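The values are calculated or read from the model by the stated rules, or taken from the named source; none is laboratory data. Bear in mind that the values here come from a model prediction, so they are computed numbers and not experimental data. Cβ coordinates were reconstructed from backbone atoms using ideal geometry, including for glycine residues, and neighbour counts include every protein chain displayed. The accessibility values were calculated without ligands, DNA or RNA, using every heavy atom of the protein model including side chains. Shrake-Rupley method; radii C 1.70, N 1.55, O 1.52, S 1.80 Å.
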Amino acid sequence: MKCQSARDCIVLLNYGELPDELAGVLEQHLIGCVDCTEELEAFQRLEERLATTPVLDPSPNLLAQSRMRLDDALDMIPPHGFLTQLRTNFYRWVGNVQSAPALATLLLGVGFLSGNFTHRYQVANAPKPSTVVTVNHPTEGVIANVTGIVQTPNSELVQVNYNKIVPESMEGSLDSPEIRNLLLVGTNAAATDKVRMSSVALLTDECKAGHACQPSADGKGVLHTLMVSLRYDQDAGVRMKALDGLQRFVGQDQHVRDAVLEAVMHDPDAQVRQAAIGLLEPVQSDSSVRQVLQTVATQDANPYIRTASYNALQNAADIQ
């Protein structure tokens, strides 16, 4: 819903004439639009001010003076054709007949104006169930947070503004940018969720298949996400799967190589460290790789890791 349509709906809402099918749409628009929310609050403040304003009775001479001025203005209009003059004279004659009893005419005018003000006063003070926008599907979504609470003065009517999280799903190919972005977000899912493992596993398969997994200039993308999972994920299985996805880039990308070397030195899981050492086999002749392997082979507290590093250095020496 656009803002112009929302403002039209706000007017209908304040007069209790907004259709139910537009109430939910207006509610969703107001959640994300500050200008329209202020427009609604301005209408409510206007109604409150009108409700407290006393109704003033018009002067008894007001209607009579208005009719005299209207007659004078009509007399100053240039003459028209015969039929036009006949029609004008007829309506003027009817008006004079109706205004013959001056008191009745004044009472009619006073009654009309008083009725109009009375109706506006009743509308302003009557309970307005429509000001609380009806939720068409209250079971869909979860309330994320409450953003504001406004109570109408001298009443029990309360307006609560809130944001809602609505669950949605998307189906598509792994090559789809939308699906890929959702998988990237899934790598940051809650620690108790298995979504991270599924996301990293699918991204790893895409990298192994050579689908849009090359390093990006902005430091984002699948490759960057796998390195983040390798460094910071709390699940050893997720880190192992991220290593698998980074394997073909160890010899091509220095950032990937550094991430694998960090895993060799600091990862808390021995199996992940052994897998990282095996991943370095194509680049064991690199000086930084050999330095890390020598440090781990001589200083690491885990004998299995020391042995794996020592064997990797021996294999590199044999190749040379």
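Do we have Thr225 as part of a helix (DSSP H, G or I), surrounded by fewer than 15 Cβ atoms within 10 Å (Cβ to Cβ) and not small (Gly, Ala, Ser) here? No, not satisfied.
Considering region 233-320, the qualifying helices (runs of 4 or more DSSP H), each wholly inside and each with 3 or more residues that are open to solvent by 80 Å² or more (accessible area, probe 1.4 Å) and of a type in the set (S, T, N, Q), run over 287-299.
Annotation note: of Val272, Val250, the sole residue that is over 23 Å from Gln214 (Cβ atoms) and within 43 Å of the chain's Cα centre (by Cα) is Val272. Scanning region 144-196 for residues that are under 30 Å from Ala51 (Cα atoms) and aliphatic (A, V, I, L, M) yields a total of 6.
Of all residues in region 276-299, one or more are farther than 27 Å from Pro177 by Cα and under 42 Å from the mean Cα position of the chain (by Cα). Here Cys207 meets the list (1) open to solvent by 40 Å² or more (accessible area, probe 1.4 Å); (2) within 11 Å of Ala242 (Cα to Cα) almost entirely, failing just condition (1).
Among the residues of region 8-16, is any part of a helix (DSSP H, G or I), modelled with pLDDT under 75 and not small (Gly, Ala, Ser)?
Scanning region 8-16, I find no residue that is part of a helix (DSSP H, G or I), modelled with pLDDT under 75 and not small (Gly, Ala, Ser), so the answer is no.
Under the condition of being among the hydrophobic types (A, V, I, L, M, F, W, C) and surrounded by 12 or more Cβ atoms within 10 Å (Cβ to Cβ), which residue from region 155-173 is nearest to Glu206 (Cα to Cα)? Taking the candidates together, the pick is Val160.
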